[in-house]
Amino acid sequence: MYPGDSRSAVNAGLFDDPRVKTFWDPHEISGRWLGRRALGGLDDEIVWDAFYAFGPATRWSDRPDHLVATGAPIIGGTDELEREFIPLLRAR
């Protein structure tokens, strides 16, 4: 999302967890799509550096349902991320 961003500049070690999937979106399609929907109060032209968690019954349509956690930023906001996700993991 910064000028000059490139896939090769991303430290893959940040995502060293078999449960993590990362995708490169050079045209910002997903960030723009999420921004237009203002899910969880994240309403900007482009959403980035944010997290979303959806329940297992979520149906992906024009506006996905069953949003259970969202927040931003991830970088610098790990306390919020942990507060939102740890209870979800324990509920499984």
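The values are calculated or read from the model by the stated rules, or taken from the named source; none is laboratory data. It should be emphasised that the depicted structure is a prediction, and the values quoted were computed from it without experimental measurement. Every residue, glycine as well, gets a Cβ built from its backbone with ideal geometry; the counts of neighbours run over all protein chains shown. Quick note on the areas: whole protein, heavy atoms, side chains included, nothing else; ligands and nucleic acids left out. Shrake-Rupley method; radii C 1.70, N 1.55, O 1.52, S 1.80 Å.
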Which residues, taken from the range 40-57, are over 11 Å from the mean Cα position of the chain (by Cα) and either within 23 Å of ILE86 (Cα to Cα) or open to solvent by less than 50 Å² (accessible area, probe 1.4 Å) (or both)? GLY40, GLY41, ILE46, GLY55, PRO56, ALA57
Residues satisfying the stated conditions in the range 58-89, i.e. β-branched (Val, Ile, Thr) and within 11 Å of the chain's Cα centre (by Cα): THR70, ILE74
Filter the range 69-92 for residues that are in contact (Cβ under 8 Å) with a residue 24 or more places away in the chain and part of a loop (DSSP other than H, G, I, E, B); the one that is most open to solvent (accessible area, probe 1.4 Å) is ILE75
Working carefully through the options HIS27, HIS66, find the one that is closer than 26 Å to SER6 by Cβ and open to solvent by 60 Å² or more (accessible area, probe 1.4 Å). HIS27
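Which of the residues spanning the range 11-23 are assigned to a loop (DSSP other than H, G, I, E, B) and either at pLDDT 80 or above or open to solvent by 70 Å² or more (accessible area, probe 1.4 Å) (or both)?
ASN11, ASP16, ASP17, PRO18, ARG19, LYS21, THR22, PHE23
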Between a first residue in the range 32-48 that is in a loop (DSSP other than H, G, I, E, B) and a second residue that is surrounded by 15 or more Cβ atoms within 10 Å (Cβ to Cβ) and among the β-branched types (Val, Ile, Thr), which pairs have beta carbons less than 8 Å apart while being 6 or more apart in sequence or on different chains? LEU42/THR70
